[in-house]
Ligand SMILES: Cc1cc2nc3c(=O)[nH]c(=O)nc-3n(C[C@H](O)[C@H](O)[C@H](O)COP(=O)(O)O)c2cc1C
């Protein structure tokens, strides 16, 4: 998500169980002239523009990170993807943003009515990216099921590994209820194509339990959570943090300070945090809000963050990922420093732990495990890199059967 999907939020989402995280949409051109700089202490990788970092990431999120592009030009999209591909695991094309800043340039939801252009961007990305980088698209529902299915089929034939469907149509406002009931038929349609493409539901998911319900009723492979994760990045956990002010806010601020996240962004994100079960009193909440609103920098938050350091906080994220994957993840492995060495919030949460299955790419693999499909790839899909088993629920390349359909996603 723009603004809310910055690095600290993504890392907290991963800590609390998200399977994948989407970066905020970046317009293709915006990243092209950025300078890639690695902080040797924290490992943070920044793509710096003239006056600010356009995009930041950290190597520990790479196996789970999808970089989202806003584009209306295949060539620019490819250039943008090439710029960041060493630091990410997938490239997603945003075809759902209805805001004028996106649509006036033919990007976002404008692509929904220009399927030739939409598909040419995806085709170009698929051809340009190495197989280990997934290419995916995020769309909205079209007015009718038939139109939606037609578009979905065209998108699938470009070789994408997965498609996220925001269950609202372009004119629908966020406060209108998502049309989750329309997805089931589309999932059946996609499955009927026999190409093992994951369909990710998006719209109105409130957290872990709700994601289970949505997966059940829509048959989607996974669920992307946006607004609920913006309010509480721990909603991917079956036991989300309820003490937002005393636990989540300090944790976020420590991490954000350590990662040198821009204060204005951190302030914005923290102000969005809330929980329906928060135990803090009204007076305590008011006091914290005042402190944050008036804060001019992290040092003004010292009374909130406590003794713990941001470095410890990052180690906690690494530990949580390690617990889920069973593989060591080092928050401080030697960091790549040159271009030859190898970057919702949108995210996916998973219940894989219940199955005792690994939930993500082992740390010694640079990208999500090459998945597989039960079905042969059609000619138009030769370049296709299927979505990781964590999303698709199947992995034919490894002999271990993975339980089908057990994922959710944050945006
Ligand atoms: C502040 C904000 C920023 C967003 N930024 C993005 C974005 O960068 N890319 C994108 O695909 N969707 C973006 N969205 C849309 C969400 O990803 C999602 O499609 C929408 O909010 C519906 O999901 P939800 O009901 O879980 O919130 C954004 C939404 C909000 C409220």
List the number of the failed condition for residue 51; all other conditions in (1) assigned to a loop (DSSP other than H, G, I, E, B); (2) at pLDDT below 95; (3) within 16 Å of the ligand (Cβ to nearest atom) hold. (3)
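Within segment 67-76, how many residues turn out to be surrounded by fewer than 24 Cβ atoms within 10 Å (Cβ to Cβ) and within 16 Å of the ligand (Cβ to nearest atom)?
We begin by selecting, within segment 67-76, every residue surrounded by fewer than 24 Cβ atoms within 10 Å (Cβ to Cβ); these are 72-76.
Narrowing the set further to residues that are within 16 Å of the ligand (Cβ to nearest atom) leaves 72.
Here the count works out to 1.
Would you confirm, using the coordinates I've provided, whether residue 37 is away from the ligand (no atom under 16 Å from the Cβ) and either crowded, with 19+ Cβ neighbours inside 10 Å or over 26 Å from residue 101 (Cα atoms) (or both)? Walk me through how you get there before you give the answer.
On the way: away from the ligand (no atom under 16 Å from the Cβ): yes; either crowded, with 19+ Cβ neighbours inside 10 Å or over 26 Å from residue 101 (Cα atoms) (or both): yes.
Yes: the conditions hold for residue 37.
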Hits in segment 188-202 - residues which are in a helix (DSSP H, G or I) and surrounded by fewer than 21 Cβ atoms within 10 Å (Cβ to Cβ): 188, 189, 191, 192
Between a first residue in segment 1-22 that is more than 20 Å from residue 209 (Cα to Cα) and a second residue that is in a helix (DSSP H, G or I) and within 14 Å of the ligand (Cβ to nearest atom), which pairs have beta carbons less than 6 Å apart while being 6 or more apart in sequence or on different chains? 3/268; 4/230; 4/269; 6/265; 9/269
So the helices (runs of 4 or more DSSP H) completely within segment 203-281 holding 1 or more residues that are more than 15 Å from the ligand (Cβ to nearest atom) are 208-218, 249-258, 263-272
Selection status of residue 160, more than 14 Å from the ligand (Cβ to nearest atom), within 23 Å of residue 91 (Cβ to Cβ) and not in a strand (DSSP E or B): yes
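Only one residue in 196, 245, 209 is in contact with a helix residue (DSSP H, G or I) (Cβ under 7 Å, 6 or more places away or on another chain) and either over 30 Å from residue 43 (Cα atoms) or at pLDDT 95 or above (or both). Which one?
Details: 245 fails: either over 30 Å from residue 43 (Cα atoms) or at pLDDT 95 or above (or both); 209 fails: in contact with a helix residue (DSSP H, G or I) (Cβ under 7 Å, 6 or more places away or on another chain).
Result of the check over 196, 245, 209: 196.
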Only listed residue being more than 19 Å from the chain's Cα centre (by Cα), in the same structural domain as residue 236 (by TED's automatic domain parsing) and within 15 Å of the ligand (Cβ to nearest atom), chosen from 193, 142, 151, 183: 183
Give just the number: which of (1) farther than 17 Å from residue 169 by Cα; (2) away from the ligand (no atom under 16 Å from the Cβ); (3) at pLDDT 95 or above does residue 114 not satisfy? (1)
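Of the residues that make up segment 23-30, is at least one closer than 22 Å to residue 258 by Cβ and either within 16 Å of the ligand (Cβ to nearest atom) or assigned by TED's automatic domain parsing to the domain that holds residue 72 (or both)? Before you say what the answer is, go through the steps one by one.
Of segment 23-30, the ones closer than 22 Å to residue 258 by Cβ are 23-24.
Now restrict to residues that are either within 16 Å of the ligand (Cβ to nearest atom) or assigned by TED's automatic domain parsing to the domain that holds residue 72 (or both): 23-24.
So far as segment 23-30 goes, yes, one or more of its residues are closer than 22 Å to residue 258 by Cβ and either within 16 Å of the ligand (Cβ to nearest atom) or assigned by TED's automatic domain parsing to the domain that holds residue 72 (or both).
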If you check every pair at least six apart or on different chains, which have Cβ atoms under 6 Å apart with a residue in segment 224-238 that is more than 22 Å from residue 183 (Cα to Cα) first and a residue that is within 7 Å of the ligand (Cβ to nearest atom) second? 230/4; 235/228
Residues that are within 14 Å of the chain's Cα centre (by Cα) and over 19 Å from residue 249 (Cα atoms), drawn from segment 2-54: 2, 19, 20, 21, 22, 23, 24, 25, 26
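The values are calculated or read from the model by the stated rules, or taken from the named source; none is laboratory data. Nothing here was measured: the structure is a model prediction, and the numbers come from that model. Cβ sites come from the backbone with ideal geometry, for glycine too, and all protein chains shown count toward neighbours.
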